[in-house]
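Data block below; observations after.
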Amino acid sequence: MTQLTTTSRPGRHVLGKRLGFVALFAALAGWLIFVTFSIATEDDGSEPSPQKLAEAVQRDLRKGDADALQKRFTDDTAGEKYADTFVGKLKDIPGDRIAVRAVRDALRVEVAGSPSCTAWTLVEEEKGHWKLDGTPPGPGSGC
């Protein structure tokens, strides 16, 4: 007659596997929560009003922050390097000479002491979330 025997360490081997599984599950859950939170709180560049958007664009231009300015445009209305090019054109102009203001349905960027002016159409993407459309505004709102 054959006798069946089992050998195992008293509780440690099974406990170690369980703790490893729990630690792996906790790490995965933590990572998923972090990614979800990061996506939910990511700055999409929109602002709650045209005036706030004008202030934010002025801040971006004075800092020379092309990445922040690029986020202020709606998808597919300004090319990937549009903000880089625009900020590059203003790099030698002192920030206090750059004025940004909301006028009717457009946002105007003017440089004091020069005829330079650029205008973009204001777009309410979602209720209370304003962004810029890279196409020029209609007559009467632009420069």
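The values are calculated or read from the model by the stated rules, or taken from the named source; none is laboratory data. Owing to the predicted nature of the structure, the values given are computational and were not obtained by experimental measurement. Quick reminder, even Gly has a Cβ in these numbers, built from the backbone with ideal geometry, and neighbours come from all protein chains shown. Accessible surface areas use protein heavy atoms only, side chains included; no ligands, DNA or RNA. Shrake-Rupley method; radii C 1.70, N 1.55, O 1.52, S 1.80 Å.
Sort out which residues of segment 86-103 are of a type in the set (Gly, Ala, Ser) and touching a residue at least 24 places away in the same chain (Cβ under 8 Å), and write them in order of number.
Going through segment 86-103, the residues of a type in the set (Gly, Ala, Ser) turn out to be 88, 95, 99, 102.
Passing the criteria: Gly95, Ala99, Ala102.
Within segment 41-84, the set of residues being assigned to a helix (DSSP H, G or I) and open to solvent by 80 Å² or more (accessible area, probe 1.4 Å) comprises Thr41, Gln51, Lys52, Glu55, Arg59, Arg62, Lys63, Asp67, Lys71.
Among the residues of segment 111-143, how many are open to solvent by 50 Å² or more (accessible area, probe 1.4 Å), in a strand (DSSP E or B) and either closer than 19 Å to Thr85 by Cα or not hydrophobic (A, V, I, L, M, F, W, C) (or both)? Selection size over segment 111-143: 4. Say whether the condition of being modelled with pLDDT of 85 or more, outside any helix (DSSP H, G or I) and under 16 Å from the mean Cα position of the chain (by Cα) is met by at least one residue in segment 94-101. No; the residues of segment 94-101 include none that is modelled with pLDDT of 85 or more, outside any helix (DSSP H, G or I) and under 16 Å from the mean Cα position of the chain (by Cα).
Pairs linking a residue in segment 104-118 that is among the small types (Gly, Ala, Ser) to a residue that is open to solvent by 40 Å² or more (accessible area, probe 1.4 Å), with Cβ atoms under 6 Å and 6 or more positions apart or on different chains, are Ala112/Arg97.
Considering the conditions (1) at pLDDT below 80; (2) exposed (fewer than 10 other Cβ atoms within 10 Å of the Cβ); (3) of a type outside the set (A, V, I, L, M), Phe34 is excluded by exactly one of them, (2).
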